[in-house]
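Asker: The structure that follows is given in the form of structure tokens.
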Amino acid sequence: MTTKFESIVQGRKFSSLMFFCVLGFVFFKRFHRDVGDVFIFLAVLGTFASIYFSSRPIKKDPIVVAFFVSLIIPVVSWLNSRLQIPDLAKDSPSPFFFYDFFFFWFIAYWIQGRNDRISAVLLAYCSSVLSIYVSHSPDFMGDITRGIQGARISFDLVNAQHTSLFAGFGFIAAAFLFVAKLKLSRPLNLARKVLAALAALFFILIIVITQSRQVWLALFVCLFLAPLALKLLPNSRISVRGLVAGYLAFAVLLGSLSNLAIVEKRLAAELETIEQVAELDLDSISKFSSVGIRIHLWLEGLDWIAQRPILGSGEDARELVIAEGERFPEYVQKNFTHLHSSHVETFVSFGVVGGILVYFLMFYPVIHAVREPAVQKTWKVFSMVVLAFWITVNFFESYFYAANGVYIYSVFFGIIYSFRFSKVQGSASEDAAK
């Protein structure tokens, strides 16, 4: 009986079924949460069954070790808060605070670094984002029209920043879906490229009309780094002439977009604040503008970090920073619950110790993918672009600790880390080695 069950779990059909569950999670998680939860539960269950018969995938896996470390960090941060700020500390710790950060491992396990599966996940993500927009908006096409006319739209999601975040990663997904090398017939390959190109154009439109400067900046960083990343990869065939041509095209694109009325208006709105930051005139920064509020939140957060730099002030410290701060207007203390920067929040709550864990979970998968010889250059660049985008947007929002952010992290870092499992089930991915 055990032998038969083992043959089923280790077989290709079971692997395909589990990957179908991964696709179900990617498509439904933020569209129909309950359905998405069922799919990821089945994928996790299937992963444990697979590992039961073959523990090789988890042996010496640093991410598995990091999971057990993650159970300790919230506890020691809580203990630190009980000692240093007993009147403000929680009554008990939450050892599983970071468990959401590890779902990407289960997704990676079943993607297995395969081009066809990566492309399917990217397509599922793009389809999910479109479904999220349409299902949340009471007037989807009307919102698009109003956005083109200059209104800032959000499709009734959390806010325009989250709408734009989905679109930013949608653009990355569509772009790499376009360039992925798949063994398809010519008509199917053409259809895939056309669909990916249309998706990329759609997401660019959404990025513009949601008017989220953090996503604009993140895309600027990615587009600037991508040609350089290609050039610096080992055995790169990109010539200096090609690199220069890439940056010229980037400059033309940037110039064209910056001349759009929507972009000009949005960038000019905080010009005075940006000038004050550049001059380090922090006391003069408005506490009522979008950028000004963020800067004051960060400054208050930095004060808390300086007081408890190693272990932080506990998981709820970001709310305490706002509630106890003296530099905020009353409406900020009533309506704001986070510090608009995942980076600041990480060190406020968990200190340097927690920061090491959080950044390890982002950087290690990318380092592994970039250093692995069998990984295609396409996916090496994908890994670096995703990391750059994720790090940048989280300077200005708290996506690390938001449901939408955790979902996006799980999907994209699941793809990145999937190359570690390219030989799971005993069959190496042939196209991952090309």
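Asker: At 7 Å along Cα-to-Cβ for each site, give me the label-to-label distance between Tyr52 and Asp139 in nm.
Answerer: 5.5 nm
Asker: Report ³J(HN,Hα) in whole Hz for each residue of the stretch 61-66, in order, from the Karplus equation J = 6.51 cos²θ - 1.76 cosθ + 1.60 where θ = phi - 60°; Gly and Pro get x.
Answerer: Along the stretch 61-66, the couplings run 7, x, 5, 5, 4, 4 Hz.
Asker: Could I ask something else about it? Under 15 Å from the Cβ of Gly354, count the other residues' Cβ atoms, weight Lys and Arg +1, Asp and Glu -1, and hand me the total.
Answerer: -2
Asker: I need Met141, Met384 ordered by Cβ neighbour count within 10 Å, fewest first.
Answerer: Ranking Met141, Met384 by Cβ neighbours within 10 Å, fewest first, gives Met141, Met384.
Asker: Sticking with this structure for a sec: Which of the residue pairs Lys90/Lys334; Lys183/Lys380; Lys13/Lys60; Lys60/Lys183; Lys60/Lys181; Lys60/Lys90 have a Cα-Cα distance greater than 29 Å in the structure shown?
Answerer: Lys60/Lys183; Lys60/Lys181; Lys60/Lys90
Asker: What distance in nm lies between label points placed 7 Å from Cα along the C-beta direction at Val252 and Arg152?
Answerer: 3.2 nm
Asker: Now, a different point. Where in the stretch 304-405 are there trypsin sites (Lys or Arg not before Pro) that are in a DSSP coil and have at most 15 other Cβ atoms within 10 angstrom of their Cβ?
Answerer: Sparse-neighbourhood loop trypsin sites (Lys or Arg not before Pro): Arg327.
Asker: Let me ask another. Can you compute 3J(HN,Hα) from phi for each residue in the stretch 178-192, using the Karplus curve 6.51 cos²θ - 1.76 cosθ + 1.60 with θ = phi - 60°, rounded to whole Hz and x for Gly and Pro?
Answerer: With coefficients 6.51, -1.76 and 1.60, one gets 5, 8, 4, 9, 10, 8, 10, 5, 4, x, 5, 5, 5, 4, 4 Hz.
Asker: What are the ³J(HN,Hα) couplings of the stretch 17-27, residue after residue, when phi is run through the Karplus curve with 6.51, -1.76, 1.60 and θ = phi - 60°? Round to Hz, x for glycine and proline.
Answerer: 5, 5, 5, 4, 5, 4, 4, x, 4, 4, 6
Asker: Quick one: net charge of Lys193's neighbours, Cβ under 12 Å, K/R +1, D/E -1?
Answerer: +3
Asker: Here is a follow-up. Report the gain in length on full extension from Gln10 to Arg186: 0.36 nm times residue separation, minus Cα-Cα distance, nm rounded to one decimal.
Answerer: Result for the pair: 60.0 nm of gain on full extension.
Asker: Moving on. For the stretch 59-159, which chymotrypsin sites (Phe, Trp or Tyr not before Pro) pass both filters: DSSP loop (anything but H, G, I, E, B) and at most 16 other C-beta atoms within 10 Å?
Answerer: Phe96
Asker: Within a Cβ distance under 14 Å of Lys13, other residues only, what is the Lys/Arg minus Asp/Glu net charge?
Answerer: Taking every Cβ under 14 Å from that of Lys13, the sum is +1.
Here, each number is a calculation from the coordinates, and none is a lab measurement. This one's a predicted model, so the numbers in the text were calculated from it and none came from an experiment. Using ideal geometry, Cβ is built from the backbone for each residue, glycine included, and neighbour counts are taken over all protein chains shown.
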